[in-house]
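Everything on this sheet refers to the single structure shown next.
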């Protein structure tokens, strides 16, 4: 991934919207990435780092990371995020406080060793304490590694804070290629959710006059299509497929970073996912992987979205073409069936009642002009007309 070329494309954009500079100085991916990380830290002249992880990511990555840093003469502290009563690590107030209590004034930088939750907590703490952080993904499961967004659960509500991107990303390929299949499937889910999120973004610009950037949209499309091309290799767990999935997730995050918001990669499918997550927390139920929820939500929306676009007489060609070329629900089910992932809401604990309420209410979680919002408003209007008869 050539960050300079991407920055040049963005600099030439004439969309009129503000673009954020890519502040990531380096992205390295290799089986010997620990040495590259140590060299980066030495160049920065940092002397004390705090690593944030959980029990699982500690087991797969902390030992080689600590070894290479200590050999370079760098002090390393460690905090393992605590589990809640359901046995999950959540990106919420308790995790943030746990990190801040371990982060004294001697810490030069933070390292997020893990997946989405760990990055969300680390990003928030880095921004609030004004120290940089390094990203070390341990599974190709989400696209938020390179973005500025940190979705946190605050008082039971999912709120996304736009904060800071990592100063550098170091991807240990050997760990990524051995990630649990459920996390790989979740990463594919987060990527294929771009079909509906991009349609929502185009729709919001057309019907709601929302800000839109064609360069950022193309970067997101590029990440999505590259992932789709290697699905057979992902099914078989081949290095080519898993490496490309990771690269696609990183590029999607960079697209969000440039735009400054999650519009390119988060539409109605993410709003449903966030709504379900909040309900699970309220009722003290075990968490479901973010990308798994996004995949199920995308399958719930994709055929409905296509029909809504095709039924409008004023839809621009671009939206019609995108809707026409999106996979059908049946095709999506084949993909996630091949990945042995859940296909239906009930498989992840979403009841018919919760599904119905989420389709009606989830659009309220974000100020976005999405097709999910239109669908909900149309349903409400139809019910009001029926009740007036």
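Some points to look at:
- Taken over the range 131-145, the criterion of being in contact with a strand residue (DSSP E or B) (Cβ under 6 Å, 6 or more places away or on another chain), surrounded by 24 or more Cβ atoms within 10 Å (Cβ to Cβ) and either assigned to a loop (DSSP other than H, G, I, E, B) or in the same structural domain as residue 277 (by TED's automatic domain parsing) (or both) is satisfied by 138, 145.
- Checked against (1) surrounded by fewer than 22 Cβ atoms within 10 Å (Cβ to Cβ); (2) out of contact with any strand residue (DSSP E or B) (no Cβ under 8 Å at 6 or more places or on another chain); (3) assigned to a helix (DSSP H, G or I); (4) at pLDDT 95 or above, residue 310 passes all but condition (4).
- The condition (being modelled with pLDDT under 95 and within 19 Å of residue 157 (Cβ to Cβ)) is satisfied by just one residue among 261, 290: 261.
- Residue within the range 268-280 that is farther than 23 Å from residue 372 by Cα, outside the structural domain of residue 157 (by TED's automatic domain parsing) and part of a helix (DSSP H, G or I) present: no
- Residue 297 being in contact (Cβ under 8 Å) with a residue 12 or more places away in the chain and surrounded by fewer than 18 Cβ atoms within 10 Å (Cβ to Cβ): no
- Given (1) more than 21 Å from the chain's Cα centre (by Cα); (2) under 30 Å from residue 180 (Cα atoms); (3) not in a helix (DSSP H, G or I), index of the condition residue 327 fails: (1)
- Just one of (1) touching a helix residue (DSSP H, G or I) at 6+ places or on another chain (Cβ under 6 Å); (2) surrounded by fewer than 22 Cβ atoms within 10 Å (Cβ to Cβ); (3) closer than 23 Å to residue 90 by Cβ fails for residue 338. It is (3).
- All of (1) farther than 18 Å from residue 172 by Cβ; (2) part of a strand (DSSP E or B); (3) modelled with pLDDT of 95 or more hold for residue 127 with one exception: (2).
- The residue list 167, 153, 159 contains one member that is in contact with a strand residue (DSSP E or B) (Cβ under 7 Å, 6 or more places away or on another chain), free of Cβ contacts under 8 Å to residues at least 12 places away in the same chain and surrounded by fewer than 24 Cβ atoms within 10 Å (Cβ to Cβ), which is 159.
- Scanning the range 170-193 for residues that are surrounded by 21 or more Cβ atoms within 10 Å (Cβ to Cβ) and either assigned to a loop (DSSP other than H, G, I, E, B) or modelled with pLDDT under 95 (or both) returns 179, 193.
- For the range 225-243, the tally of residues that are free of Cβ contacts under 8 Å to residues at least 60 places away in the same chain and buried (at least 21 other Cβ atoms within 10 Å of the Cβ) stands at 2.
The values are calculated or read from the model by the stated rules, or taken from the named source; none is laboratory data. For clarity, every value in this text was computed on a predicted model and none was experimentally measured. Positions of Cβ are generated from backbone atoms using ideal geometry, with glycine treated the same way; all protein chains shown enter the neighbour counts.
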